[in-house]
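The values are calculated or read from the model by the stated rules, or taken from the named source; none is laboratory data. Because the structure is a prediction, the values reported are computed rather than measured. Reconstructed Cβ throughout: ideal geometry from the backbone, glycine too, with neighbour counts over all protein chains shown.
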Amino acid sequence: QLWDIAGQERFTSMTRVYYKDAHACLVMFDLTQKNTFQNSIKWKKDLDQKCNLVDGSPVPCLLLANKCDIVNNREVTQDEIEELCREHDFLGWSETS
């Protein structure tokens with residue numbers, strides 16, 4: 001089962017319901033909008049605070065960088081993405097369009 005909460009603030013108070021029994025998480029941001037990249041930290045912290053695997057370990061989370069095909073409007077560098085992944089314990093990241 002896949003839940004898409006679309007990064008909307010109105011879902012923040014209900015995320016525990018969506019995270020229940022999660023086995024993995026994908027956090028996606030828009031490479032052409034730096035604020036969505038910065039918001040990915042908030043969503044990862046929310047996940048880590050509200051959900052763990054059965055053994056108590058954190059839910060594995062992958063960061064997805066969307067709109068990689070729009071190269072002229074890119075606002076986030078690969079170095080920034082890699083640093084964020086290290087600092088906030090994402091498993092890794094990938095680009096998509």
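Observations
- For segment 56-95, taking the residues that are of a type in the set (Val, Ile, Thr) and either within 23 Å of LYS20 (Cα to Cα) or at pLDDT 95 or above (or both), the one that is surrounded by the most Cβ atoms within 10 Å (Cβ to Cβ) is identified as ILE81.
- Close pairs (9 angstrom Cβ cut-off, 6 or more residues apart or separate chains): closer than 25 Å to VAL76 by Cβ in segment 17-29, of a type in the set (Gly, Ala, Ser) and surrounded by 18 or more Cβ atoms within 10 Å (Cβ to Cβ) anywhere: VAL27/SER40; MET28/SER40; MET28/ALA65; PHE29/SER40; PHE29/ALA65
- The test for being loosely packed, with under 12 Cβ neighbours inside 10 Å and either touching a His at 6+ places or on another chain (Cβ under 8 Å) or of a type in the set (Ser, Thr, Tyr) (or both) does not hold for LYS20.
- Complete set of residues in segment 25-55 that are among the β-branched types (Val, Ile, Thr) and either surrounded by 14 or more Cβ atoms within 10 Å (Cβ to Cβ) or part of a helix (DSSP H, G or I) (or both): VAL27, THR32, THR36, ILE41
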